[in-house]
2 protein chains.
Amino acid sequence: MASRRNEINSIEIARLAGVSRSTVSRVVNNYPNVPPETREKVMRIIEEYNYFPNMSAQVLAGKKTRTIGLFLVDAGHVAGDILANMLISSVIENASGCGYYVLTHILRSTADGDAVRRVKEIFYQRRIDGGIFIGAPNEEPLIESLIAEGFAVGIVDQHLPGKSDPNRLVVNFDNATGMDLAVGYLAELNHRNIGIINGAMNRFSGPDKYESFLRAMERRGLAVNPDWVLPGDFHESAGYEAISRLLASGKPLPTAIIAANDSVAFGAMKALKAHGLRVPDDLSIIGFDDHVLSAMQHPALTTVRVDFDLLMKQLTDGLIRYIETGAAFTEPYVAPSELIIRDSCRSL
Amino acid sequence: MASRRNEINSIEIARLAGVSRSTVSRVVNNYPNVPPETREKVMRIIEEYNYFPNMSAQVLAGKKTRTIGLFLVDAGHVAGDILANMLISSVIENASGCGYYVLTHILRSTADGDAVRRVKEIFYQRRIDGGIFIGAPNEEPLIESLIAEGFAVGIVDQHLPGKSDPNRLVVNFDNATGMDLAVGYLAELNHRNIGIINGAMNRFSGPDKYESFLRAMERRGLAVNPDWVLPGDFHESAGYEAISRLLASGKPLPTAIIAANDSVAFGAMKALKAHGLRVPDDLSIIGFDDHVLSAMQHPALTTVRVDFDLLMKQLTDGLIRYIETGAAFTEPYVAPSELIIRDSCRSL
DNA sequence: CTGAAAGCGCTTACAG
DNA sequence: CTGAAAGCGCTTACAG
């Protein structure tokens with residue numbers, strides 16, 4: 001604690017090296033107009049005294065913070081959400097590779113005014129140079145207001161036709177291909193009665209997956225039975241409840257169900273098990289994401305894998321590039337999908 | 001971008017409210033010596049203009065950053081490490097509850113000079129008010145130098161007798177109790193030939209678990225066979241290799257093995273399976289941590305659960321309290337252990 | 001190639 | 001209760 005008092009600053013380094021603060025700043029910032037001998041002389045002192053420029057002073061004088069914010073929306077108890085955690089680490093590692101830091105923030109709900117205010121504060125305070133949002137509704141006023149203010153914001157899963165601000169950087173999942181893969185695979189296994197448990201419809205990927213489902217079914221001449229279009233969201237409980245309700249309704253079952261994501265599929269499988277039904281014998285199931293736990297389910301879950309790590313890398317790198325150069329995405333990036341066949345679907 | 005130009009500042013707010021910057025600052029900082037009417041008048045303008053004080057200016061003028069650093073050491077590819085991710089979220093959520101932000105940083109190795117320098121930089125730059133280290137060796141020069149410089153540092157898993165700087169805040173696992181629970185349980189099941197796969201011996205919990213194992217065995221009059229004391233670390237691969245080597249040696253097997261943590265136990269189980277041995281029929285196994293995947297193993301893994309969330313809460317809250325008031329831990333916190341009995345141990 | 005000086009936007013004694 | 005002013009530690013035109 002005591003030693004915190006005499007922090008060394010650029011004036012002190014300048015004195016010690018026999019130059020001006022300007023020159024110290026020039027070598028710290030690696031400017032070209034410093035002769036090698038001067039640079040070396042100053043560097044020696046800097047290293048000898050363990051000098052690191054005070055970040056607040058640098059930022060106040062016009063430098064960037066080299067920090068990006070990462071905002072997880074509606075993540076429930078995130079500490080338990082494996083996928084959300086993966087995304088956090090992915091952003092941290094990618095940003096770190098660019099010499100950037102990540103300030104992670106969890107936002108329970110965008111309906112909570114205080115919570116929204118706290119997010120705005122982070123931007124307005126200039127704590128960060130830009131931020132990434134994961135899990136936000138497709139048209140989220142908080143995000144729109146931030147973009148309108150000119151802040152650099154990266155968004156996962158959004159589609160707002162017509163909006164194309166340069167400071168709005170968007171990446172998406174290739175839901176159309178993924179859903180086509182899923183439906184196509186089930187069709188190959190001779191399924192004709194295929195249902196879906198939808199995701200959250202206020203997020204872009206919710207309706208996008210649903211519409212992709214409709215198109216994929218139509219393309220194969222398969223009818224969509226409204227009784228088998230089950231409302232849900234992206235959580236496990238939604239899958240459990242959707243199946244429980246369907247079972248309770250007494251209506252006939254489809255032979256296969258596509259879940260909006262793997263968590264939903266887990267819930268659906270639990271509900272089926274709880275009612276004495278077997279997967280895939282009584283019902284085939286396909287999920288989305290390829291969650292870490294998917295391969296460990298019983299049966300192992302067939303799913304459409306999304307390369308989240310790559311997706312986050314594109315977004316993080318893109319955001320940093322925008323911050324540094326003002327270069328916007330030329331076109332929205334879309335993560336490829338891949339069908340991972342395991343044991344949760346059977347041939348009819 | 002354009003709107004970024006005319007950021008509003010305290011001078012502007014002062015002008016609009018018809019007061020001085022000093023007064024604006026007083027209401028922003030909630031100082032008592034401002035009459036209610038003045039406060040309201042200023043607050044109205046602040047809200048109307050969406051004014052948030054520039055953080056760098058505040059810090060430069062003497063305020064705290066309200067940010068803590070979280071440093072994950074030797075975390076391999078952290079994006080894939082579920083447990084590490086839980087710890088990150090736990091710290092973020094706890095800090096957020098105190099109005100603090102978390103800057104997470106991943107440190108491959110404390111042997112990498114550049115990596116170490118980058119960590120130091122974060123502290124010296126005053127980017128953070130303090131930092132938490134997870135996974136560092138027990139006596140880590142980087143940490144010691146930071147503490148010597150007076151920085152506030154929280155540490156998970158450390159024991160350095162005699163060192164008791166107020167700015168060194170330590171939490172530990174209750175390895176002694178946990179190991180006693182594990183050995184006691186196996187002894188009850190009539191196991192006498194018990195082995196151990198050790199953790200990393202440069203971390204405190206490595207040797208601490210081992211010594212606790214020796215004591216727990218001795219307490220029950222059980223002999224420790226050196227052939228069954230297997231070197232390892234805290235990764236899954238160490239468990240796999242330890243068992244593979246033991247099997248390859250042709251030496252007799254113990255009837256039970258305690259793994260330094262659950263990841264190691266997973267590796268051990270895989271190795272046994274690969275050699276056609278069954279758990280618990282041929283060998284009983286106990287892990288430590290109660291990893292998310294432990295209950296999903298085949299057989300489900302019996303383990304000593306550690307309440308990581310509580311542990312991180314104690315540390316995070318303690319660190320923030322120290323930053324704000326200078327109050328040190330009165331005594332190192334120790335997380336309680338609990339035996340979770342599942343299916344990986346059999347009675348002899 | 002280099003230094004003196006202004007300026008970044010706050011907070012905080014100090015004086016009244 | 002309130003304002004004028006110094007100071008926090010940098011960077012960056014500007015002038016030479």
Residue that is surrounded by the fewest Cβ atoms within 10 Å (Cβ to Cβ) [pool: residues in segment A:141-152 that are touching a Phe, Trp or Tyr at 6+ places or on another chain (Cβ under 8 Å) and free of Cβ contacts under 8 Å to residues at least 60 places away in the same chain]: A:Glu149
Can you say whether B:Asp208 is more than 14 Å from every other protein chain (Cβ to nearest Cβ) and charged (D, E, K, R), as far as the supplied structure shows? yes
Could you please let me know if B:Leu272 is over 30 Å from B:Asn94 (Cα atoms) and either assigned by TED's automatic domain parsing to the domain that holds B:Phe133 or crowded, with 21+ Cβ neighbours inside 10 Å (or both)? yes
Just checking, does segment A:55-62 include any residue being farther than 16 Å from B:Arg126 by Cα and not β-branched (Val, Ile, Thr)? yes
Are any residues in segment B:39-61 buried (at least 19 other Cβ atoms within 10 Å of the Cβ) and touching a Leu at 6+ places or on another chain (Cβ under 8 Å), and if so, which ones? B:Ile45, B:Asn54, B:Ser56
Across segment A:143-175, what is the number of residues that are within 12 Å of chain B (Cβ to nearest Cβ) and in a loop (DSSP other than H, G, I, E, B)? 6
Picking from B:Thr38, B:Thr104, the residue that is among the polar types (S, T, N, Q) and either closer than 20 Å to B:Asn172 by Cα or within 16 Å of DNA strand C (Cβ to nearest atom) (or both) would be B:Thr38
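Could you tell me whether A:Gly131 is of a type outside the set (D, E, K, R), closer than 25 Å to B:Gln58 by Cα and in a strand (DSSP E or B)?
Judged against the criteria, A:Gly131 is a match.
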Taking segment B:88-118, which residues are within 17 Å of B:Arg66 (Cα to Cα) and of a type in the set (D, E, K, R)? B:Glu93
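State whether one or more residues within segment B:67-82 are among the hydrophobic types (A, V, I, L, M, F, W, C), modelled with pLDDT of 95 or more and under 30 Å from B:Ala238 (Cβ atoms). Steps first, please.
Filtering segment B:67-82 down to residues among the hydrophobic types (A, V, I, L, M, F, W, C) leaves B:68, B:70-73, B:75, B:78-79, B:82.
Narrowing further to those that are modelled with pLDDT of 95 or more: B:68, B:70-71.
Still in the running and under 30 Å from B:Ala238 (Cβ atoms): B:70-71.
The answer is yes; a qualifying residue exists.
Return yes when B:Asp74 is under 20 Å from the mean Cα position of the chain (by Cα) and either more than 26 Å from B:Gly154 (Cβ to Cβ) or more than 10 Å from every other protein chain (Cβ to nearest Cβ) (or both) and no when it is not.
Numbers: under 20 Å from the mean Cα position of the chain (by Cα): yes; either more than 26 Å from B:Gly154 (Cβ to Cβ) or more than 10 Å from every other protein chain (Cβ to nearest Cβ) (or both): yes.
When the stated conditions are applied, B:Asp74 passes them.
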Output the number of the condition that B:Thr303 fails; it satisfies all remaining conditions of (1) in a helix (DSSP H, G or I); (2) crowded, with 19+ Cβ neighbours inside 10 Å; (3) not small (Gly, Ala, Ser). (1)
Within segment A:13-32, the residues that are part of a helix (DSSP H, G or I), more than 8 Å from DNA strand D (Cβ to nearest atom) and either surrounded by fewer than 16 Cβ atoms within 10 Å (Cβ to Cβ) or within 14 Å of chain B (Cβ to nearest Cβ) (or both) are A:Arg15
Would you mind stating whether B:Gly232 is in contact with a strand residue (DSSP E or B) (Cβ under 9 Å, 6 or more places away or on another chain) and touching a residue at least 24 places away in the same chain (Cβ under 8 Å)? yes
Starting from segment A:50-61, keep only residues that are within 7 Å of chain B (Cβ to nearest Cβ), then list their pairs with residues that are within 12 Å of DNA strand C (Cβ to nearest atom) whose Cβ atoms are within a distance under 6 Å, requiring at least 6 positions of separation or different chains. A:Ser56/B:Ser56; A:Ser56/B:Val59; A:Ser56/B:Leu60; A:Ala57/B:Leu60; A:Val59/B:Ser56; A:Leu60/B:Ser56; A:Leu60/B:Ala57; A:Leu60/B:Leu60
Being among the β-branched types (Val, Ile, Thr) and at pLDDT below 95 is the filter; apply it to segment A:253-312 and report the residue that is farthest from A:Ala238 (Cα to Cα). A:Val306
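Being among the charged types (D, E, K, R) and part of a helix (DSSP H, G or I): is that true of A:Asp180 here? Walk me through how you get there before you give the answer.
Numbers: among the charged types (D, E, K, R): yes; part of a helix (DSSP H, G or I): yes.
For A:Asp180, the condition - among the charged types (D, E, K, R) and part of a helix (DSSP H, G or I) - is met.
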Residues to consider are B:Glu140, B:Glu93; find the one that is within 11 Å of another protein chain (Cβ to nearest Cβ) and modelled with pLDDT of 90 or more. B:Glu93
Condition check for B:Ala328: more than 14 Å from chain A (Cβ to nearest Cβ), in contact with an Asp or Glu (Cβ under 9 Å, 6 or more places away or on another chain) and aliphatic (A, V, I, L, M): no
Given (1) within 14 Å of DNA strand D (Cβ to nearest atom); (2) in contact with a helix residue (DSSP H, G or I) (Cβ under 9 Å, 6 or more places away or on another chain); (3) not basic (Lys, Arg), index of the condition A:Pro35 fails: (2)
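The values are calculated or read from the model by the stated rules, or taken from the named source; none is laboratory data. This is a predicted model, so every value here is computed, not measured. Counting neighbours? That spans all protein chains shown, and the Cβs are built from the backbone with ideal geometry, glycine included.
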